[in-house]
1. Take the alpha-carbon centre of the range 174-199, take the same for the range 83-100, and report the distance between them in whole Å.
2. Between Lys193 and Lys262, what is the FRET efficiency for a Förster distance of 45 Å, r being their Cβ-Cβ separation, to the nearest 0.05?
3. Determine the gain in length on full extension of the stretch Arg13-Glu100; use 0.36 nm per residue of separation and subtract their C-alpha separation, reporting nm with one decimal.
4. So for Tyr88, Tyr157, Tyr117, what's the accessible-area order with a 1.4 Å probe, most first?
5. Counting only heavy atoms of protein chains, what accessible area per residue, in Å², does the range 117-186 have with a probe of 1.4 Å?
6. Can you sort Lys259, Lys193, Lys63 by 1.4 Å-probe accessible area, starting with the largest?
7. Stretch Ser289-Ser33 to full length: gain in nm at 0.36 nm per residue minus the Cα-Cα span?
8. Which part of the range 162-197 falls in the paramagnetic zone of Asp126, meaning amide N under 16 Å from the point 7 Å along Cα-to-beta-carbon?
Amino acid sequence: MFDHPIPRVFQNRFSTQYRCFSVSMLAGPNDRSDVEKGGKIIMPPSALDQLSRLNITYPMLFKLTNKNSDRVTHCGVLEFVADEGICYLPHWMMQNLLLEEGGLVQVESVNLQVATYSKFQPQSPDFLDITNPKAVLENALRNFACLTTGDVIAINYNEKIYELRVMETKPDKAVSIIECDMNVDFDAPLGYKEPERQAQHEESAEGETDHSGYTGELGFRAFSGSGNRLDGKKKGVEPSPSPVRPGDIKRGIPNYEFKLGKITFIRNSRPLVKKVEEDEAGGRFVAFSGEGQSLRKKGRKP
């Protein structure tokens, strides 16, 4: 009675099956090792023709399914240059789907939410040797279009392959990472063992400190050497260092009020020597209280 239009979700859905091969099987003179470093696939030109007619949303994201093992992952598309009926996948993606060369894979277009959080677990403790792992991972994820929880992705750094398992993604189990602000966290690497901490034996010394061993550890002492005379005589040039007493050795007192970024200038403030020359009247200075002298002596008139 009433005509209900078919939803655009079903009208715009792309779904087909391809024979999948690894990128190393791609024929051509150019080296396509860049495909192995990311999470995008190569599809035939007919797929681009169908997708353009369906008017799907961009960026193009796809869901890959191995119906024999019920394995699912998600990816983007890099190029449409494969032979008809064939698609080329990175080797790590074929391992996640448990696919062999020439196996059938179901390819469907999907819309994924933008990622806000992801957590990775390195599959080898060697990943800890990288100086800045977050920066390395951020640079490697630029070649990926989406992430799926449970996948083991592979990144290439310094001619070495590092595998990382996607432990968690938010807000969904499959998310898009194109032009997103995503927080990245790491779990402990697989097989990692924390180093054993050695027990610190702290000896608490009570009472006064014994200074008897300080005399041999003083090292340099100022003005303790011998001198030379211009006339060549040896009289009075032998060193006579004063003996060191335990009471003369004083340890510095730490500044417990020290704050980072604050510089304190400590000056050697010695007490002033009291002058013994004090006036009997009270010892205080009185201005203009001295007596003057005259160059001309005044005589008494007769």
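The values are calculated or read from the model by the stated rules, or taken from the named source; none is laboratory data. Computed from a predicted structure; not experimentally measured. Using ideal geometry, Cβ is built from the backbone for each residue, glycine included, and neighbour counts are taken over all protein chains shown. Note: accessible area is taken over every heavy atom of the protein model, side chains too, but ligands, DNA and RNA are not part of it. Shrake-Rupley method; radii C 1.70, N 1.55, O 1.52, S 1.80 Å.
1. Measuring centre to centre over Cα atoms gives 27 Å.
2. Numbers: r = 41 Å, r/R0 = 0.92.
Once the sixth-power term is evaluated, E becomes 0.60.
3. On the way: separation 87, 0.36 × 87 = 31.32 nm, distance 2.66 nm.
Value of the extension gain: 28.7 nm.
4. Tyr157, Tyr117, Tyr88
5. Numbers: 3790 Å² over 70 residues.
Computed with neighbouring chains in place, this is 54 Å² per residue.
6. Details: Lys259 130, Lys193 175, Lys63 65 Å².
Reading off the accessible areas and sorting them downward yields Lys193, Lys259, Lys63.
7. Working: separation 256, 0.36 × 256 = 92.16 nm, distance 10.22 nm.
Fully extending the segment from Ser289 to Ser33 adds 81.9 nm.
8. Counting backbone N atoms under 16 Å from the label point, the list is 162-165, 189-192.
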